Amino acid sequence: MADSNRLDLLVSLCKRRGFVFPSSEIYGGLNAVYDFGPLGVRLRRRIRDLWWREVVELRDDVEGLEAAILMNPRVWEASGHLANFSDPMVDCLGECHQRWRADQLSGDRCPNCGGELSPARQFNLMFKTHMGPVEDAGSVVYLRPETAQGIFVNFKNVLNSSRQRVPFGIAQIGRSFRNEITTGNFIFRLRELEMLELEWFCSPGDDASWFEYWCERRMAWHRAIGLSSDSLRFRPHGDDEKAHYALASTDIEYRFPWGWGELEGIARRGDYDLRRHQEMSGKDLQYTDPSTGSRFLPFVVEPSLGVDRTFLALLLDAYREEEVRGETRVVLGLDPRVAPFEVAVLPLSKRPELMEVARRVEADLRSSFATEYDETQAIGRRYRRQDEIGTPLAVTIDFETLEDQAATVRRRDSMDQVRVSLSQLREVCATELGR
Ligand code: GAP
């Protein structure tokens, strides 16, 4: 399958099966903003839960936080986002008047109509709004472009209310907003996105080794959730492309159909943010080492990932088409840990006695697995639907079940079928799903 085709096929599957819808679609949509349907919600929750479990719950040195999206505007002055969070923008002066990011163009003419381009000017990517009834300069607030600043301004609150000592981390999941100049490639570059961010506070001399540590941990996580190793790589940033706060940074990139693209950014932010907030707020943000009594501003290592890009990479990686008996079978070969449903329970036909057993089996499995019950359409079409949404196992209740108290378990990837006694079903499903 051609790579360019792959994205189109996936976009259509996402709409058809309820993963992703264009925002406010009945009004023509809103550029680079999307809604997530019933299956999309399930996949996003899995991504968030897997990240949270790995980064927060399985460790005793990371605390969670949920800061508000709206913050005092001085935060963005201190963080440097007001002055620096911008991209160079040019306008087409020819026929189409389209806007472009100057740093993404290869020539000096408009890529769309060949027209002349205006000189580049910096365009700040933060969305601006007003707080309260008066729309004047004093009421301006911003929608956060990263969740990280909510962590920095709460550094002392978390430190003083937990029993953490440096090195430790604060993690946060939340929406961010960026008024991107150019968008495209489906949900790759959004104007409303969701981030998974960890700020790791350590002693100034230790940040280089913690940076190595987090690069390895994060790469291992991407592999563990099912992304193929040969579609993942590190790409260190050159000096000319680092963010304004970064001493050094590297991306974990995924091989998207249009080329390698950033999945996660890992940065050494030094003490840039805490120092700037200390200066602007006048509050002491230093840490006191309890064993030596020394006081310092911790250095920060930051792994920062987008839920949406992970979602897209997982679906692209999993999508495949196969020829089965002259028909095309579409399969999402998702890892069971991220699949929206783990087990589908299907009565062979709509006979009441089969539906009754199937309902009972599904109710029983539901307490352990993400299950779906489906009695519509012919069984072959129901298998195809489950293949297409990535359900690893289908349990079919047939007429024999009434006699032998057993069901057929079908594996999504191989389409193999095994007969399993109802009393063993839970155990067999757990083993099949790698639990
Ligand atoms: N606090 C660090 C930070 O904001 P970033 O590299 O700008 O770093 C981190 O963003 C991650 O957020 C990216 O690796 C990407 O996964 C995601 N991301 C950033 N901008 C995005 C956008 N416009 N649409 C979707 N995801 C985006």
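The values are calculated or read from the model by the stated rules, or taken from the named source; none is laboratory data. Just so you know, these numbers come straight off a predicted model, no measurement behind them. Please note: Cβ atoms are built from the backbone with ideal geometry, for glycine as well, and neighbour counts cover all protein chains shown. Keep in mind that these areas ignore ligands, DNA and RNA; they rest on the heavy atoms of the full protein, side chains included. Shrake-Rupley method; radii C 1.70, N 1.55, O 1.52, S 1.80 Å.
For the range 113-125, a residue qualifies if it is polar (S, T, N, Q) and open to solvent by less than 90 Å² (accessible area, probe 1.4 Å), and the qualifying residues are SER118, ASN124. The residues on offer are PHE188, PHE201, and the sole one that is within 14 Å of the ligand (Cβ to nearest atom) and either crowded, with 16+ Cβ neighbours inside 10 Å or more than 23 Å from the chain's Cα centre (by Cα) (or both) is PHE188. Residues considered: LEU65, LEU93, LEU43. Of these, the only one that is aliphatic (A, V, I, L, M), in contact (Cβ under 8 Å) with a residue 24 or more places away in the chain and not assigned by TED's automatic domain parsing to the domain that holds PHE152 is LEU93. Tallying residues that are hydroxyl-bearing (Ser, Thr, Tyr) and in a loop (DSSP other than H, G, I, E, B) within the range 185-227 yields 1. Evaluating ARG101 against the criteria (1) more than 16 Å from the ligand (Cβ to nearest atom); (2) open to solvent by less than 80 Å² (accessible area, probe 1.4 Å); (3) of a type in the set (D, E, K, R) leaves one unmet condition, (1). Counting only strands (runs of 3 or more DSSP E) wholly contained in the range 303-412, the ones carrying 1 or more residues that are free of Cβ contacts under 8 Å to residues at least 40 places away in the same chain and open to solvent by 20 Å² or more (accessible area, probe 1.4 Å) occupy 319-324, 327-332, 371-373, 406-411.
Is there a residue being buried (at least 18 other Cβ atoms within 10 Å of the Cβ), of a type outside the set (A, V, I, L, M, F, W, C) and in contact (Cβ under 8 Å) with a residue 12 or more places away in the chain anywhere in the range 223-237? Among the residues of the range 223-237, not one is buried (at least 18 other Cβ atoms within 10 Å of the Cβ), of a type outside the set (A, V, I, L, M, F, W, C) and in contact (Cβ under 8 Å) with a residue 12 or more places away in the chain, which makes the answer no. Residues that are among the hydrophobic types (A, V, I, L, M, F, W, C) and in contact with a Lys or Arg (Cβ under 7 Å, 6 or more places away or on another chain) were ranked within the range 146-187; the one that is nearest to ARG101 (Cα to Cα) is ILE181.
In this structure, does ASP60 turn out to be open to solvent by 30 Å² or more (accessible area, probe 1.4 Å), free of Cβ contacts under 8 Å to residues at least 40 places away in the same chain and within 20 Å of the chain's Cα centre (by Cα)? Here the answer is no, as ASP60 does not meet what is asked. Filtering the range 306-350 to residues that are more than 26 Å from SER367 (Cα to Cα) and of a type in the set (D, E, K, R) leaves ASP308, ARG309, ASP317, ARG320, GLU321, GLU322, GLU323, ARG325, GLU327, ARG329. LEU316 fulfils the conditions (1) within 15 Å of the ligand (Cβ to nearest atom); (2) over 26 Å from the mean Cα position of the chain (by Cα) except for a single criterion, (2). Of the strands (runs of 3 or more DSSP E) lying entirely inside the range 126-184, the ones with 3 or more residues being in contact (Cβ under 8 Å) with a residue 40 or more places away in the chain and crowded, with 21+ Cβ neighbours inside 10 Å are found at 168-177.
Among strands (runs of 3 or more DSSP E) entirely within the range 15-119, having at least 1 residues that are touching a Leu at 6+ places or on another chain (Cβ under 9 Å) and among the small types (Gly, Ala, Ser) singles out 86-91.
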